[in-house]
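The values are calculated or read from the model by the stated rules, or taken from the named source; none is laboratory data. Remember, it's a predicted structure, so these values are computed and weren't measured experimentally. As a convention, Cβ positions derive from the backbone with ideal geometry for all residues, glycine included, and neighbour counts pool all protein chains shown. Calculation scope for accessible area: heavy atoms of the full protein, side chains included, ligands and nucleic acids excluded. Shrake-Rupley method; radii C 1.70, N 1.55, O 1.52, S 1.80 Å.
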Amino acid sequence: MGINLNILNQLLFLVVLSANENSEVDYNRDIRPIISQKCFKCHGLDDSHRKGKLRLDDRSHALKGGKSGTPAIISGKPESSELYLRIISANESEQMPPPASKISLTPEEKTKIKKWIESGANYETHWAFRSVAKPILPKIIDNTWPANDIDSFVLSKLETNNRKPSLAADKYSLIRRVYLDLLGYPPTPLEVDAFINDKRADAYGKLVDELLQSEHYGERWARKWMDLARYADTNGYEKDRYRSIWPWRDWLIKAINLDMPFNDFTIKQLAGDLLSNPSSDDIIATGFHRNTMLNEEGGIDPLEYRYLAMVDRVATTGVTWLGLTYGCAQCHTHKYDPITQKDYFGLMAFMNNTSEIDYDIPSVSISEKRNLIKTQSSKLKSQLLDVFLKTYKVEASKNKSAFVDQKLEGWIEKKRKLTNNWTIINPIKMKSNLPKLTLQNDGIILVSGDITKQDFYEISFKTDLKNISAIRLEALPDENLPGGGPGLAYYEGPKGDFFLSNFELEDQQGKKKFSDARESYFKNNFGGNPSSAKQAIDDDLQTGWSCAGRYGERHEAIFVLDSKTELSSEFKIRMTFGRHYACSLGKFRISVSQDHYGLPSNFDEDIQTLLFKPVSKMNSSEKERMIDAFLFDSPELKADVDKIKQLNQSIPALEKTLIFKEREPSNKRITYLHNRGEYLQPTEEILADTPSFLPQIPQGVTKDRLAFAKWIASDQNPLTARVFVNRNWHTFFGRGFVKTTEDFGIQGDFPSHPELLDWLSNYFVDNNWSMKKLHRLIVTSSTYKQSSLILDGIDKDNALLARGPRVRLEAEMIRDSVLRSCGLLSTKIGGPSVYPPQPKGVTSEGTYGGLNWKSSNGEDRFRRAIYTFSKRTAPYAMFSTFDAPSGESCLARREASNTPLQALTLLNDIVIMEAAQGFAKTITTNQKTLDENLHLVFRSVLTRLASNEELTLLRHFYTTTLVRLKQNPAAIVKITGSAQEKSIEQAAWVLTVRSLLNLDEALVKR
């Protein structure tokens, strides 16, 4: 019977690994994973679920014992230690873990526990929570292999395990690998030839430098960060409506291309708005945490879902920067990591005092267009008087002035009869259920803070005015309100909407009755019911006054009292707002009048006031304003005024994006600890603070969001650099030093190369947190440049890094690679998301918030995948097939599946077919020979040269395809995609290209 050498090699490898790794028991590597996975759930930090009052996560508690008083561990004496006796016991009533838990220790694990106790049962700080010390370079036998210090650590590990590195990859494999890693797509044949023919010793280094300076580098690496940021172009949940967040994506690409130091990159995204004199880019950067989902269902409590968004932000921050499952401490103290529930809400408190607003992005080009239109509008406005005078054929300058005064006085007299003489009143007290009411100049009240689905404002006044007949409510616009106001609606309904469901006046004698109500404008955003001011005085909370469709404008309602009223020394106006979404009023003013006949006016308050002032007593500025108002209201000038209005309506809006803005200190949002993490169970107030097991924010520093961001990005934080470096290593090699890239906590994997991880983390920080320098070091190492061939079947996970990476391409890279291989990929950078073709119905059939996916044309049809519109409830079909995330939650590590649907997609997807059709059209017009074109196609898709055998197979496929198509000419148009393209040769090339695109080699980085 022969010996299987492959099995023998694997056994020898395991023996060597066991001898070297386990000769001495290491607490972090060997013991903590055992007791963490099998003991901490019942005997860990969480005292609310701790059994027998026994803690095993802390040495002093373990030595002390639990409720029984018997020490769990007696140092040096496993046979006397209750912990060891319980895990080896055959008595089910004593055995630990209990048999009912279906958890047990293997014989090897029991042996490790025994050896650990024998050696003193020393506990150590979890490796990831220790400060990042810079290891010294290890001694190695083969000093010729390392290209940089990375290789010394890798080779040392290999030599310790009696292994050798693989041979260097060939130049074709290397250029394809580094292009895919740094730019996210393969090189063209011309780029490959340039590298192959470059005989300089530093040719590869020069290539790497060139790629790092490419503007497409930022696109490739931004996509990785977008997984963490849970980026999408829609809000998610049931409605899943559009949101404008792509400017943050463009900021991200630009920041990466500029090699922004990662500490600055972090601070700007978490607290860019709090920097001294923040730039527009700094503010846009805060969109990172605006990528949370937004629920716009009618039945939800908006504050509950705001709380859930904060829950998401805490979990995302924990994974992205700390590599910790912080979200596990929402409901109770973490079962494994030293994160208490107070730590959880302490971290939330840093980010909880924010307003989530739409930001108008400054733009020179748009500002120039706006100013041009405003100049044209002002010019037309200045000509109105001349047009008016010409209408009446008034020429002499003396006559002009008298004529204008006469017409103006007549107009004022007419308008005065229709307008009440209003007196603005200032409140003496204001209160609400939750929103903050702030008194500004001229009696204006601005509302800020959180709103609910049923808000009330109660405002108290005093006035000396007698015989009051009417109350006026002005709903005022403001550029800082959603949609420009006057309302505060920000979800479900249109931004800027409001719904006044009840308006009440009360003094010490009781409620006052209204006989009538009028408004300058009304429209109901939902349903066919009227929404006039009268509906606000009918004592029915289901009806009310609203001004849908005209947001960013001033509106007014007049409430006429049943009779003239002598209000007592203090009276109150109470307004109630709300419907199935929160829609309170954001800016308003109250006035009173002795008149009752007036109609609501579209004129501003100052114009209405001037109606009651004689023209002879107006100053020049006041008179000029009244003339403008008169001219705009003149029937003779309607056509001219309409032109001005149309011109003003054509003023382009600035692009908007979603950002964070810190709330005013006077209206700070309080953070509470929530029992069991439930929104409806707030308990004690929690102040912003960092977890005690990590370095603290320096004393004397205000603990706000900026301080928190700087704490995250500090070189004293032991996690941030390690987590980032590990995640980048995972991208290059398909496996991080810590395999659980999302979890550096106690339940996470121990690093395969802990010293190298720390050395690289130090290198990263010491080099100004430069991602490009880190990437250059990695891709120029001998470790990276190894062949990826698996020769002996040992260590298939490549934990020892004995070969180069062999990884299936990510979804977006597959599409980009197909388009670039076929010569169609657009190089355009940035801008709004686009809609490349995909199967019909993906975003409209069987989905909530259906979207009619109208495929982009021209260059936008072939943009890079990072610019593809992402709908959370119905992601781009091809990307979902290849395991891309939906953007619903933070994702630190994608899984890679292998399914039949993937092969079918690569054969039949619209993108694949169009790419193959485009390439085929190029081939049939390039005047090359058959073999030259076969080589071109092969190299364009796979980079390398085809062997003679491969070329023969490819030639055979093409020629036999020609024969089949001649027998079935009806299929040609379907294959070429155009009734005008009926060439059999072109159809054959489409199928040939498509077959190569479906090869495993085309989908794998190796």
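Only one entry in Tyr359, Tyr307, Tyr326 is under 28 Å from Asp282 (Cα atoms), touching a residue at least 60 places away in the same chain (Cβ under 8 Å) and touching a His at 6+ places or on another chain (Cβ under 9 Å), namely Tyr307.
Among the residues that make up the range 653-672, is at least one of them hydroxyl-bearing (Ser, Thr, Tyr) and either assigned to a helix (DSSP H, G or I) or loosely packed, with under 12 Cβ neighbours inside 10 Å (or both)? Walk me through how you get there before you give the answer.
Here is the first cut: in the range 653-672, the ones hydroxyl-bearing (Ser, Thr, Tyr) are 657, 666, 671-672.
Checking which are either assigned to a helix (DSSP H, G or I) or loosely packed, with under 12 Cβ neighbours inside 10 Å (or both) leaves us with 666.
Yes, that holds for at least one residue.
Which one of these is crowded, with 19+ Cβ neighbours inside 10 Å and either on the phi < 0 side of the Ramachandran plot or in contact with a Phe, Trp or Tyr (Cβ under 8 Å, 6 or more places away or on another chain) (or both): Phe708, Phe693?
Numbers: Phe693 fails: crowded, with 19+ Cβ neighbours inside 10 Å.
Of the residues listed, the single one that is crowded, with 19+ Cβ neighbours inside 10 Å and either on the phi < 0 side of the Ramachandran plot or in contact with a Phe, Trp or Tyr (Cβ under 8 Å, 6 or more places away or on another chain) (or both) is Phe708.
Remark: pairs (first residue in the range 788-802, free of Cβ contacts under 8 Å to residues at least 24 places away in the same chain; second residue open to solvent by less than 70 Å² (accessible area, probe 1.4 Å); Cβ separation under 9 Å; 6+ apart in sequence or on different chains) = Ile790/Asn798; Ile790/Arg803. Residues in the range 220-230 include none that are modelled with pLDDT of 95 or more, over 17 Å from the mean Cα position of the chain (by Cα) and under 19 Å from Thr731 (Cα atoms). Does Ala971 meet the test of being more than 25 Å from Arg872 (Cβ to Cβ) and buried (at least 16 other Cβ atoms within 10 Å of the Cβ)? Answer is no for this residue. When the range 510-530 is filtered for residues that are in a strand (DSSP E or B), in contact with a strand residue (DSSP E or B) (Cβ under 9 Å, 6 or more places away or on another chain) and not hydroxyl-bearing (Ser, Thr, Tyr), the ones remaining, listed by number, are Lys511, Phe514, Asp516, Ala517, Arg518, Glu519, Lys523.
I'm checking my understanding of the structure. Among residues of the range 477-512 that are more than 31 Å from the chain's Cα centre (by Cα), modelled with pLDDT of 95 or more and open to solvent by 10 Å² or more (accessible area, probe 1.4 Å), which one is nearest to Gln535 (Cα to Cα)? Result: Asn502. Evaluate the following for Ala946: is it surrounded by 13 or more Cβ atoms within 10 Å (Cβ to Cβ), small (Gly, Ala, Ser) and not in a helix (DSSP H, G or I)? In short, yes.
Of the residues Lys982, Lys1005, which single one is crowded, with 19+ Cβ neighbours inside 10 Å and either in contact with a helix residue (DSSP H, G or I) (Cβ under 6 Å, 6 or more places away or on another chain) or in contact (Cβ under 8 Å) with a residue 12 or more places away in the chain (or both)? Outline the logic, then answer.
Details: Lys982 fails: crowded, with 19+ Cβ neighbours inside 10 Å.
Unique residue meeting the criteria: Lys1005.
Within the bounds of the range 120-133, is there any residue that is part of a loop (DSSP other than H, G, I, E, B), touching a Ser or Thr at 6+ places or on another chain (Cβ under 7 Å) and surrounded by 14 or more Cβ atoms within 10 Å (Cβ to Cβ)? Yes - at least one qualifying residue is present in the range 120-133.
Yes/no per residue for (1) touching a strand residue (DSSP E or B) at 6+ places or on another chain (Cβ under 8 Å); (2) open to solvent by 20 Å² or more (accessible area, probe 1.4 Å); (3) touching a residue at least 24 places away in the same chain (Cβ under 8 Å):
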site: Tyr784; (1), (2), (3): no, no, yes
site: Pro805; (1), (2), (3): yes, no, yes
site: Ala811; (1), (2), (3): no, no, yes
site: Val834; (1), (2), (3): yes, no, yes
site: Gly846; (1), (2), (3): no, yes, no
site: Arg861; (1), (2), (3): yes, yes, yes
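Taken together, the residues in the range 531-551 that are among the small types (Gly, Ala, Ser), open to solvent by less than 40 Å² (accessible area, probe 1.4 Å) and part of a loop (DSSP other than H, G, I, E, B) amount to 5. A count restricted to the range 434-466 and to residues that are over 30 Å from Glu296 (Cβ atoms) and open to solvent by 50 Å² or more (accessible area, probe 1.4 Å) stands at 7.
If you filter the range 284-304 down to residues that are out of contact with any Ser or Thr (no Cβ under 9 Å at 6 or more places or on another chain) and outside any loop (DSSP other than H, G, I, E, B), you find that the one that is surrounded by the fewest Cβ atoms within 10 Å (Cβ to Cβ) is Glu304.
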